[in-house]
1. Roughly how many Å is it from the Cα centre of segment 141-166 to that of segment 237-253, as a whole number?
2. Per-residue HN-Hα couplings for segment 299-309, Karplus 6.51 cos²θ - 1.76 cosθ + 1.60 at θ = phi - 60°, whole Hz, x for Gly and Pro?
3. For segment 184-193, what does the Karplus curve 6.51 cos²θ - 1.76 cosθ + 1.60, with θ = phi - 60°, yield as ³J(HN,Hα) per residue in whole Hz, taken in order and with x for Gly and Pro?
4. First select every other residue whose beta carbon is under 11 angstrom from the beta carbon of Tyr172; then total the charges, Lys and Arg +1, Asp and Glu -1.
5. Could you calculate the contour length gain from Arg90 to Glu212, that is, 0.36 nm times the residue separation minus the distance between their Cα atoms, to one decimal place in nm?
6. Around Ala247, which amide H atoms from residues at least 5 apart in sequence, or from another chain, sit under 5 Å from its own amide H, with H modelled in the peptide plane?
7. Would you mind telling me the share, in percent, of accessible area of segment 151-302 contributed by carbon and sulfur at probe 1.4 angstrom?
8. Give, as a single signed number, the net charge of other residues whose beta carbon lies under 12 Å from the beta carbon of Thr189, with Lys and Arg counted +1 and Asp and Glu -1.
Amino acid sequence: MMIKTGLSRCLVLVAAAALLAGCGDEGGAGTAVPSVKPSMTSTSSKSSSDVAEHAPGPSRESGPEPDARSASGSASGLPSPPVPPPDGYRRWGLDRPLEAAPPPRTKPSLVPPGAGAPAGPPIVDHVPTRDRVVFVTIDDGTEKDPAFVQEVRDLGLPITGFLTDEEVAGDYAYFGQLRRLGNGMQNHTLTHPRLAGMEYEGQAHQICGQQEILTRQFGTRPYLFRPPYGALDDDTVRAAAACGVRALVMWSAEMKAGGLEYASGNRLHSGDIILAHFRGPSQQNGLTMTDVMTSLVREIQAQGFAVARLEDYL
């Protein structure tokens with residue numbers, strides 16, 4: 001159900017300090033609406049610049065340490081992922097284990113893109129880091145394939161789910177299994193509407209309502225939000241801030257049944273955020289969830305990247 005956006009690879013927006021001070025985990029449906037309306041009206045521009053890949057950040061030229069993932073839970077507020085079985089990757093037809101990616105020493109700074117950025121949470125489709133890592137995010141929640149839970153466990157694959165309540169259809173226990181493996185479950189609205197153009201109150205209902213549901217289900221308030229279809233406007237940013245969102249997450253590549261599609265260029269870059277979906281064979285030309293995700297992992301490995309947990313960097 002998602003389409004590409006043309007957001008800048010580097011970053012598009014940055015939070016104003018005064019507004020972000022009111023966007024903590026305490027925010028919810030009853031949080032006061034900011035009184036200053038930002039000036040953003042679209043997110044339709046996309047730069048092919050590769051500045052973000054060279055942004056300041058910790059360098060790991062020798063690659064992440066292989067056994068660091070078991071201690072990586074505390075910084076993100078998520079459970080620590082278990083160490084995968086040594087031969088788990090063989091069950092999925094891979095020729096080597098997925099490289100472990102420990103959290104960075106400090107989270108990268110989100111640099112202002114320039115004049116004219118509205119006040120509100122930053123909007124990112126790419127994390128500014130030199131670490132040879134990419135991030136796997138999975139939207140909606142339609143398919144609930146038990147084999148995918150096993151694959152995540154066997155590979156030690158970090159993912160971030162962006163869940164829509166209507167698509168999850170009451171089966172939050174499935175996503176709870178993924179969360180107990182150390183994976184974040186973040187906000188993708190109640191019913192997956194196109195938010196851009198909706199009045200503010202409707203947008204706030206969609207975002208804050210799902211914040212409350214996810215908080216009840218998992219015991220931790222989400223702080224990342226992905227607008228359906230990548231469509232947003234000024235009111236989306238305002239509503240997200242009022243609901244306690246600290247960053248709006250877009251993407252720079254999308255995994256489909258036919259393979260990876262890139263917003264620009266023909267390869268991955270350090271810090272790329274990859275979009276995938278919880279989909280089954282009827283939506284993926286007969287391919288299962290694990291078929292598609294195994295292909296994605298194989299491509300990530302072929303391009304020389306590890307997979308990191310998005311919450312460790314944002």
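The values are calculated or read from the model by the stated rules, or taken from the named source; none is laboratory data. Owing to the predicted nature of the structure, the values given are computational and were not obtained by experimental measurement. Using ideal geometry, Cβ is built from the backbone for each residue, glycine included, and neighbour counts are taken over all protein chains shown. Ligands, DNA and RNA are stripped out before the accessible areas are found, and what is left, the full protein with its side chains, is counted by its heavy atoms. Shrake-Rupley method; radii C 1.70, N 1.55, O 1.52, S 1.80 Å.
1. Computed from Cα coordinates, the inter-centre distance equals 22 Å.
2. Residue by residue, segment 299-309 yields 5, 4, 5, 4, 8, x, 10, 9, 9, 10, 7 Hz.
3. x, 10, 10, 9, 9, 6, 6, 10, 6, x
4. +1
5. Extra length from Arg90 to Glu212 when fully extended: 40.0 nm.
6. Result for Ala247 returns Phe225.
7. Values: 2030 of 4620 Å².
Carbon plus sulfur share of accessible area: 44 percent.
8. Once all neighbours under 12 Å are counted, the net charge is -3.
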